[in-house]
Amino acid sequence: MSSSPSPTAVKAYLLDLQERIVQALAALDGQPFARDAWQRPEGGGGISRVIEEGNVFERGGVNFSHVQGAALPPSAAAGRPELGGRPWEAMGVSLVLHPRNPHAPTVHMNVRFFMTTAADGAPVWWFGGGMDLTPYYGYAEDARHFHQRCRAALEPFGAELHPRFKQWCDEYFYLKHRQEPRGVGGIFFDDFNAPGFEASFAMLRSVGDGFIDAYLPIAARRKDSAYGERERDFQAYRRGRYVEFNLVFDRGTLFGLQSGGRTEAILMSMPPVVKWRYNWAPEAGSPEAALYTDFLVHRDWLAA
């Protein structure tokens, strides 16, 4: 593999990753994911793999996209204003899964590659991505397992990466207007290119490949847990927070909409059933209250 950026190699990996994840999820659910290939008029396209009303997943999508444009959108150029208006291409796999069972957490993962050029024509590129877990009823063993797998994916590339990317995740997936984390966190990174293309790409692959082991054991453990209307009602209420974050703060959503991406694919992250209430609070000492006091807090889940 060349030390210069290779979009072809990244694309081949991402397509394979999408297929492997879809097959693993379909095996757990027992129902197949629909396939929807789409083209973007401004350049590029993608493949959406979606499940709705499955046995385990009430709604979920695993999207691949590879898009190009003539002028970098504001959401992508915010941290690099000198690149604003430059031609660009972006590719990635992005997924969100909303299980039906309230004891099974929602999960998000994405891995992406971005490439443009500087004013002198030199290539400018970087990787980004991560994964995070959003429970409705908290289980410490699930949070620990997820964070253990996140750390394991990063360990071969430097001991400093996991603490840094965990903190980045905690700070990014935070609803400022609620003063509340979205979930129990995970890892998040962007603008990653310092080690050079080969090492950066290897790290991205490790994160992408680590997703199945990070999430599937949790979903398998919780998918058949007993629940009733109370739990479903709380799940729908908490899903409202997910919608708020994705529509107000999420850079990927904003980039997709600003760059003329396919709206159906961008908004497949929305949960299928959701509720809002005015000024509601859980009953003290309830399992619902425990989510706020014990799980929606920034903490070191790997501490002894």
What residue, among those in the range 246-271 that are of a type outside the set (S, T, N, Q) and outside any helix (DSSP H, G or I), is farthest from F64 (Cα to Cα)? F249
N279, sole failed condition from (1) in a loop (DSSP other than H, G, I, E, B); (2) closer than 21 Å to Q18 by Cα: (2)
Scope the range 200-224; condition among the aliphatic types (A, V, I, L, M), buried (at least 16 other Cβ atoms within 10 Å of the Cβ) and over 15 Å from N110 (Cα atoms); matching residues: L216, I218, A219
Quick one: R112 ticks every box in (1) modelled with pLDDT of 95 or more; (2) assigned to a strand (DSSP E or B); (3) open to solvent by less than 20 Å² (accessible area, probe 1.4 Å) bar one, so which box is it? (3)
Among F255, F192, F249, F211, the single one that is touching a residue at least 24 places away in the same chain (Cβ under 8 Å) and over 15 Å from the mean Cα position of the chain (by Cα) is F192
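Looking for whichever is farther than 15 Å from N101 by Cβ and not in a helix (DSSP H, G or I) here; the options are R178, R205, R241. Which one fits?
Values: R205 fails: not in a helix (DSSP H, G or I); R241 fails: not in a helix (DSSP H, G or I).
Answer to the selection: R178.
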Output the residues belonging to the range 49-83 that are at pLDDT below 95, open to solvent by 40 Å² or more (accessible area, probe 1.4 Å) and in a loop (DSSP other than H, G, I, E, B). A70, A71, A78, G79, R80
Considering the range 288-304, residues that are open to solvent by 80 Å² or more (accessible area, probe 1.4 Å) and over 19 Å from the mean Cα position of the chain (by Cα), and then whichever is farthest from F57 (Cα to Cα), we arrive at A304
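Select from the range 25-41 the residues that are touching a residue at least 12 places away in the same chain (Cβ under 8 Å) and over 20 Å from L14 (Cβ atoms) and write down the one among them that is least open to solvent (accessible area, probe 1.4 Å).
So, considering only residues that are touching a residue at least 12 places away in the same chain (Cβ under 8 Å) and over 20 Å from L14 (Cβ atoms), the one least open to solvent (accessible area, probe 1.4 Å) is D29.
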List pairs: first in the range 259-286 and on the phi > 0 side of the Ramachandran plot, second surrounded by 17 or more Cβ atoms within 10 Å (Cβ to Cβ), Cβ under 9 Å, 6+ apart or cross-chain? G260/R40; G260/V67; G260/G69; G260/P73
What number goes with the only condition from (1) open to solvent by 10 Å² or more (accessible area, probe 1.4 Å); (2) in a helix (DSSP H, G or I) that L154 does not pass? (1)
Considering the range 158-172 alone, what residues qualify as being open to solvent by less than 70 Å² (accessible area, probe 1.4 Å), more than 16 Å from the chain's Cα centre (by Cα) and among the charged types (D, E, K, R)? none
Look at the range 247-271 and say how many of its residues are over 21 Å from R40 (Cα atoms) and exposed (fewer than 14 other Cβ atoms within 10 Å of the Cβ). 1
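The values are calculated or read from the model by the stated rules, or taken from the named source; none is laboratory data. Just so it is clear, the model here is predicted, and its values are computed rather than measured. So basically every Cβ, Gly included, is an ideal-geometry build from the backbone, and we count neighbours across all protein chains shown. Calculation scope for accessible area: heavy atoms of the full protein, side chains included, ligands and nucleic acids excluded. Shrake-Rupley method; radii C 1.70, N 1.55, O 1.52, S 1.80 Å.
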